[in-house]
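J.: Sharing a structure with you now.
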Amino acid sequence: MSPPPPSFRLPDILKDWPWPRLQHPDSEEAAIASLSWVDNSVLDLMDREKVRRGYGLGSTLATLAYPTLDKKSLIVACHLLSILFLIDDFTDPKKASDAQSVVNTIMEVFNCPSKVRSKDDPFVAEITRQFWIKALEISPVWQQTLFVAHFREYLNAVVIEASDREIDRLRDFDDYIHMRRSTGALRPAFWVIECAEGLPEHVVKHESIVTLATCAADLIIFGNDILSYNREQAIGSLHNTVSIAVQKQGLGIQEAVDWTVVRHEDVARKFQATISEVPSWGPSIDSHVAAYIDVLGYWVRANWEWSLGSSRYFEKEEWIVIEKTGIVEPLPRVEG
C-alpha cells in the first residue's frame, strides 16, 4: 500500500458568497412524492433499496439547491438529482464498453417513456423513465429537446471518463474542465430552474445567461473537487482539479488546493460581474430571470454545504475532527 499524501487545510471558499443557505419549505413532502412509484415498480428488492438510498441523497440536496421552486418542479428536481447520483455510482466501476451499453439503454427511455423497462435492463433505466414522466409535465417541447441533448452530452462524457480510467489518462486543466462540465450534469440540473421559471428559449440561449450557468457550474465543480479529493486520491481517481494541479503543475497538495481556490474566486467574480450584463426583456420576464439567477447562487451554496453535511465525502467522525481543526487528514491509498 502506497503512503498517503500530506494533509491539507480545508478552505472556506464561500465566506463572501452573497447567497445564503435556504431550504425549501416543502422538502419532506417533495422527497416522499418523488419516491412514491418505487414500491409498485419492476425493480427487485435490492435495487429498490439502492434507489431509496440514492433518493435520500438527491432529495436532500435538491431541497437546498432549489429552495424557491414550486412544489411540482421541486419533485422533478428530487427525481433528477437522485438519478444522477445513482447513475454515477452505477457507472463508476465500469469499463467504457459496459458504460456505453448502460448509456444506450438509458437513452432509449426518452424515445418511449410510456414503456416500462425490462427487469433485465439496468435499474437506472427505469428510474430515468420515472423522472422523465414527471419532467414532461413541467416542460414545453423545445425544452424537452434541449434536456435530451444535455443528458446525452452528460452520458457520453460518463463513457469518456470510464475510458480515461481504464488507461489512467490525466487531462490538462482546460481539457478537464470542459469535460467536467458534462460529467457534472449541471446543465440538466439547471434545466429544471429554466422550466420552473418559464424562461423563453431566446432568454435561455442568451450569451449572458449561458455564461452565468457555466460560471455556476464551474464554482460547483471546484468546490466539489476540493471536498472529494481525499476520497478520490485514495482510489487513484484522476478526474479532479486538485489532482491535475498536483500531477500536471508539480504542486504540493496544499498548493494545489489553494490554486483551485484562486480559480474559484476568479469565477465567482465573473459570475457577479455578468449579472450586470444581463439585458432587460421586460418586467414580466425580468422577474423570472432574477429568480433563475438566485437559484444558481443557492445551488453553489447548497452543493458545498450539503457535501460537508452528508457522508458522501466525509464520515461523521472524520467531519467532527475537520470541524475542530480545519485539517483534512489523508486516507490511505487503496491498491488494485
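Every number here is computed from the coordinates shown, using simple stated rules; none is lab data. This one's a predicted model, so the numbers in the text were calculated from it and none came from an experiment. Methodologically, a virtual Cβ is constructed for each residue, glycine included, from the backbone with ideal geometry; neighbour enumeration extends over all protein chains shown.
J.: Sticking with the crude label model, points 7 Å out along Cα→Cβ, report the distance from LYS270 to GLU201 in nm, one decimal please.
T.: 2.8 nm
J.: Still on this model: Using alpha-carbon positions, what is the distance between the centroids of segment 210-228 and segment 281-336, in Å?
T.: What the calculation gives is 10 Å, centre to centre.
J.: Something else: Provide, in order from the shortest bin, the percent of all Cα-Cα pairs of segment 247-336 in each 5 Å bin, continuing until the bin that contains the maximum pair distance.
T.: 3, 10, 12, 15, 17, 14, 10, 7, 6, 4, 1, 0
J.: A further question follows. Between ALA291 and VAL261, what FRET efficiency follows from the Cβ-Cβ distance if R0 is 30 Å, with the result rounded to 0.05?
T.: With R0 = 30 Å, the Cβ-Cβ based efficiency is 0.55.
J.: Let's see if you can work this out: charge +1 on each Lys and Arg Cβ, -1 on each Asp and Glu Cβ, no other charges. What is the dipole magnitude of the chain about its Cα centre, in debye to the nearest 20?
T.: 260 debye
J.: Is segment 1-46 rounded, prolate or oblate when judged by the Cα gyration tensor, a ≥ b ≥ c being the square roots of its eigenvalues, rounded requiring a/c under 1.5 and prolate requiring a/b larger than b/c?
T.: oblate
J.: Taking the Cβ of TRP259 as the center, what net charge do the other residues with Cβ under 12 Å away carry, scoring Lys and Arg +1 and Asp and Glu -1?
T.: Charge balance in the 12 Å sphere: -3.
J.: Let me ask something additional. How big is D for segment 80-203, in µm² s⁻¹ as a whole number, if Stokes-Einstein is applied with the Kirkwood radius of its Cα pairs at 25 °C and 0.890 mPa s?
T.: After rounding, the answer is 161 µm²/s.
J.: Using the beta-carbon distance between VAL42 and ARG312 and R0 = 22 Å, what value does 1/(1 + (r/R0)^6) give for FRET efficiency, to the nearest 0.05?
T.: It comes out at approximately 0.20.
J.: State which entries of LYS50/LYS71; LYS72/LYS316; LYS15/LYS95; LYS205/LYS270 exceed 29 angstrom in Cα-Cα distance in the structure shown.
T.: Pairs exceeding the cut-off: LYS72/LYS316; LYS15/LYS95.
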